[in-house]
Protein chains: 2
Amino acid sequence: MTYRAPISDMLLALDGAGLRAAVEASYYGDFDTEITAAVLEEAGRFASEVLAPLNRAGDRHGARLQDGRVTTAPGWADAYRRWTAAGWNAVSGPEDFGGQGLPLAINAACTEIWSAANTAFGLCPLLTLSAIEALAAHGSDTLKTIYLGKLVSGEWTGTMQLTEPQAGSDVGTLRSRAERASDGSYRIFGTKIFITYGDHDMTDNIVHFVLARLPDAPDGTRGISLFLIPKFLVGADGSLGARNDIHASGIEHKLGIHGSPTCTMTMGDNGGAIGHLIGEENRGMRCMFTMMNQARLCVGLEGVGIAERACQQALAYARERRQGRAVGASDGMSPIIAHPDVKRMLMQMRALTAAARAICYATAVSLDVAARAADPDVRTAAAARGALLTPIAKAFSTDIGNEVASLGIQVHGGMGFIEETGAAQHYRDARITSIYEGTNGIQAIDLVTRKLAADDGAAVSALLAELSDTVKRVEASNDPAFGTTGERLRDALGSLERAGKWLLERLSSSPNDALAGATPYLRLFGSTLGGCKLAAEALAAYQSSAEFGDPRRYVTLARFFAETIAVQAPALERTVIDGADAVNGADAVLLA
Amino acid sequence: MTYRAPISDMLLALDGAGLRAAVEASYYGDFDTEITAAVLEEAGRFASEVLAPLNRAGDRHGARLQDGRVTTAPGWADAYRRWTAAGWNAVSGPEDFGGQGLPLAINAACTEIWSAANTAFGLCPLLTLSAIEALAAHGSDTLKTIYLGKLVSGEWTGTMQLTEPQAGSDVGTLRSRAERASDGSYRIFGTKIFITYGDHDMTDNIVHFVLARLPDAPDGTRGISLFLIPKFLVGADGSLGARNDIHASGIEHKLGIHGSPTCTMTMGDNGGAIGHLIGEENRGMRCMFTMMNQARLCVGLEGVGIAERACQQALAYARERRQGRAVGASDGMSPIIAHPDVKRMLMQMRALTAAARAICYATAVSLDVAARAADPDVRTAAAARGALLTPIAKAFSTDIGNEVASLGIQVHGGMGFIEETGAAQHYRDARITSIYEGTNGIQAIDLVTRKLAADDGAAVSALLAELSDTVKRVEASNDPAFGTTGERLRDALGSLERAGKWLLERLSSSPNDALAGATPYLRLFGSTLGGCKLAAEALAAYQSSAEFGDPRRYVTLARFFAETIAVQAPALERTVIDGADAVNGADAVLLA
């Protein structure tokens, strides 16, 4: 079955994320929320008609490396041309360089759509997006003039090259080296691994963004510089010249996202790859940090997209497939959706997906406001909020992508294990999202050691106050349809607050205790935040049922989430606080 | 890396499961626990040397169907011959037919070992085991004389053929038909799907056990008969005759266990497959129930085996791979096992695996005692215990197999997503175990509607009393190394008891409420039971450190499990009790 973008759910989530409020505060200039639905519908149509039908072919055929060139699956290059021609690559790109300058939040919703339709395809523009961000923020005017417009339109794609065999999470240990050339350019030598779309046949040129080390650079992350290295050299007029000395020398055989070529890149077999410095020498990591929030958010959105796709597929199957007779049903076999255990799985899928979406969109709006608001205090607060939410958006949403894809298989029973069904592909594709762009463990550590700790917990406190307000409104509604939602969310907020305080205290007194609790704390945060966001959406849906449809949909979803997922918050609090000792004593188990 | 059977862990778990007590009560005749370690070590050696090296080749090559014949991956047929020659197929087989008559509990530990080394290979003998059980319990003497010895030795393998396209979980809707022949045999017609090792090249003959319907049979499960259908007809002297009319007509392209052929079987293209009735006409489902407990337990053991394999692989990687510097470490990069977040993942893997093992072994001992004790009251109680534990052993352990395999990928970071690493294969292989032999949802429904409900909860009450005794002993130990283990398990027991009572009450008053809570109840049961079992093992390890090594290993594991997994019990209780309304109201979400 194909994919249909869930427009009402997305619009409600954007609203809940604060898009309308940000527009009303004029942070988005003359952007009008009226066009949001139209953009999403158009994106949904393109995704259903062009991208989704190529998803399975990409999985089966995969990308291939032959004679030093990577070819993508049949139909992909054509789809990419249609994608750029329709302007989808330029949605949130800078207007000065041909972009449409739409809110990042709109592009976030679109990113969910592309990922849902075809995760491996949608990944390519995400890399280009990071390249655009780095170049726009740190590139020289000359480089911008030559490269930025082409990247914004998607005529050329970008890559981000950090990883080396010995330098994964620990980027500071990378060894690729750069030498200064007399003309102000550089020659780069080295090998990079796990480079997404490192080579492909969808565009005439590829613009590589490569981290390398100058001969006199200090050790560690303070000695890393960022270079722009085109696949084909580019003249000042934009014309393509000679092939540069950077080549795909290997391609990985992966669990999923087969359509996306993951390359080993070799530079310097022939005198060195010609590169141009982005930003200052030895400040390459700073450039990376510029784009980290958006890149991580985008991976979170891949989790949401895959989850949504898995939901739709499981739901369609559960409505068609008949087995057993449900309690109270008349003669014959019932569609399996009538069985409570199947309903429970589908509700779990829907609730987790909606919560992850709410968190990701809220992150996007925060990043938008941080970049666009006029008032510097508003920008600062939004930046702190965006920084806080980013690791949660990334890790919680990708964990959920995996969980929901797994439930999607389960709903299909034995058919779910058969590749032709398609449910298994979502499961395989989702698995990388918890790993790349900083593993989810790294996200949890970032949350605790940087985001929670920043300003002694100020960003967390501000968010907790807002969430507490939501809980009050749920309680004040006295709506029996909410069940015990208010109570569960109230408990969860208390747990989140206490766990955060405990972690902050331990961060200085006993950092390993805090690190041991990072992952359960992130899950506690995501569950509480997601639960409150869904409750807020349900309240909003009551007020605007004309816009979002039957509010019972959202109330039931919020209730399910609170009673099945957010309810785990007190246990997670205990795990954070009590669990550190056993982790610290793990050597007795692990090294025995 | 290869696999090493974790002998000490297995011996402690067998002890905790009651093997020693059962031997001392003479339930096992003259079996001596002294030989247990020797058997497991020998099995471990065979698994490491013969089966584990073929695991990846089986995954890459897969089984293939060509010209109506299935061939297994290179080396598999030879390994199978070595397996039967070494007597491994006959461990728990009946002694009258060449079996060794060892406890099922010993064979359970061996099953874990085979599954860990090579899940797809180890699956074949599991089907044969079910065939042996069915034939031994319900077959005529003639059939036993001809077939049973060959199945016990493994010279021939068995298949179990239930599923048809329209008849999955709902077996009663199967349509394969059987006609009576004048010589007392039957002719079978129809198509079966998802038949594990339906055809292969490892043995001269295959003995199919097929469910079909006689022309005058009543509808539903009361009209199903079980037939033995040999691939090649067999003379009274055991000699092979003509090819029977049952053929593999298709083979599935699956997410995992590629080495195991999953066949579509067609019967009757040429006059009908010649079959022999097992048991009575229309009583085929009763024969199936005979072997259901052991078959489901074996699938649970596959979960344990895959989890153990994933643990070992992740642990080895985490000790070698260096990234970042751990807090308090000296210069250079630390092995990632030194990072608390990685320790936490590895502890989670180890703790979940140990709990699932404890539950599965306890199930095996119960089934042994039910079959072997002289005292009928002891047999009845053990049978009730075994019946209660079976769905938990199956579903909880296979959920854990998936969870642990996923963590195994995560520990490997980016390398985990690359197929050559091997971590991804465990993840793919594990996924079917939650589905086949009754989906985990079916297990949960069985637990609530049959096992909990039997005798108004008597089996559950008896178990709760035992677990409560364990908790008292933990509390009485006053050992600070247990942390809050006693408190967490006490809470969990309370939750388990209350949730069970609520479900029992709802089963009659509002069955859909009970069905909605089945899956969280099973998880609650598994977490509580697993936590108590690990605590009991830790107490036992203190008493016999000479036998099981440093007891801190087991105390730390029990503590981690209690504080990180069993701690979720109160939330699961709430989900069972409060969550039913949202599930019952799910149509507002799912059909919107």
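Structure notes:
- Global form of the range A:247-328, assessed from the alpha-carbon gyration tensor, a/c cut-off 1.5: oblate
- Per-residue packing, averaged as other Cβ atoms within 10 Å, sorts the ranges B:18-29, B:243-254 into the order B:243-254, B:18-29, beginning with the highest.
- Summing charges over neighbours of A:Ala536, with a neighbour being any other residue whose Cβ is under 12 Å away from its Cβ, gives -1 when K and R count +1 and D and E count -1.
- Prolate/oblate/rounded call for the range A:195-267, Cα gyration tensor, a/c under 1.5 rounded: oblate
- Rounded to whole Å, the principal axis extents of the Cα atoms in the range A:441-580 read 52, 26, 25, largest first.
- The mean number of partner chain beta-carbon atoms within 10 angstrom of a residue's beta-carbon across peptide B:424-431 is 3.
- For A:Lys472, a cut-off of 20 angstrom between C-alpha atoms picks up these lysines, skipping any fewer than 8 places away in its own chain: A:Lys533.
- Over the range A:88-156, equivalent-ellipsoid semi-axes from the Cα gyration tensor in Å: 22, 12, 9
- Placing +1 on the Cβ of every Lys and Arg and -1 on the Cβ of every Asp and Glu, with no other charges, gives the range A:157-282 a dipole of roughly 180 debye about its Cα centre.
- Relative contact order, whole percent, for the range A:7-153 stands at 22, derived from Cα pairs under 8 Å and 6 or more residues apart.
- B:Asp78-B:Asn478 FRET efficiency (beta carbon distance; Förster radius 56 Å; 0.05 resolution): 0.50
- Once the Cβ-Cβ distance of A:Lys501 and B:Ala454 is raised to the sixth power relative to R0 = 56 Å, the FRET efficiency obtained is 0.75.
- Summed side-chain charge close to A:Ser92 - residues other than A:Ser92 whose Cβ falls under 14 Å, Lys, Arg +1, Asp, Glu -1: -4
- Length-normalised contact order of the range B:528-567 in % [C-alpha pairs under 8 Å, at least 6 apart]: 48
- From the alpha carbon centroid of the range B:565-592 to that of the range B:426-462 is 18 Å.
- Ranked from shortest, the separations from the 7 Å Cα-to-Cβ label point of B:Asp216 to its equivalents in the other copies are 10.2 nm.
- Sites B:Glu281 and B:Ala236 - FRET efficiency at Förster radius 25 Å, r taken between beta-carbons, to 0.05: 0.60
- Beta bridges per DSSP, both residues in the range A:201-289: antiparallel share near 95 percent.
- Rounded to 5, percent antiparallel among DSSP beta bridges of the protein assembly as shown: 85
- Ellipticity estimate at 222 nm from DSSP helix runs (n ≥ 4, -39,500 (n - 2.57)) divided over the protein assembly as shown, nearest 500: -17500 deg cm²/dmol
- Cα gyration tensor shape for the range A:7-153, rounded if a/c is under 1.5, else prolate or oblate: oblate
- Only lysines eight or more places from A:Lys501 in sequence, or on another chain, were considered; those with a Cα closer than 18 Å are A:Lys451.
- Seen from A:Pro53, the other residues with C-beta closer than 14 Å to its C-beta sum to a net charge of +3, counting Lys and Arg as +1 and Asp and Glu as -1.
- Note on the protein assembly as shown: along the principal axes its Cα atoms extend 90, 63, 62 Å, ordered by decreasing extent.
- Relative contact order, percent, chain B [alpha-carbon distance under 8 Å, six or more residues apart]: 13
- Extension gain from B:Asp469 to B:His253, taking 0.36 nm per residue of separation minus the Cα-Cα distance: 72.9 nm
- Using only Cα coordinates, the Kirkwood hydrodynamic radius of the range B:157-282 works out to 14.7 Å.
- Alpha-carbon centroid distance for the pair the range B:75-135 / the range A:14-29, whole angstrom: 65
- Relative to the other identical copies, B:Arg322 shows label-point distances of 6.5 nm, where the label point lies 7 Å from Cα along the Cβ direction and values run shortest first.
- Whole-angstrom gap from the range B:338-353 to the range B:267-307, using each part's C-alpha centre: 38
- For A:Asp455, label point 7 Å along C-beta direction: distances to other copies, nm: 6.3
Quick note: the coordinates plus some simple rules give every number you see, no bench work behind them. In this text, all values refer to a predicted model and were calculated from it rather than measured experimentally. Ideal geometry is used to build each Cβ from the backbone, glycine not excepted, and the neighbour counts take in all protein chains shown.
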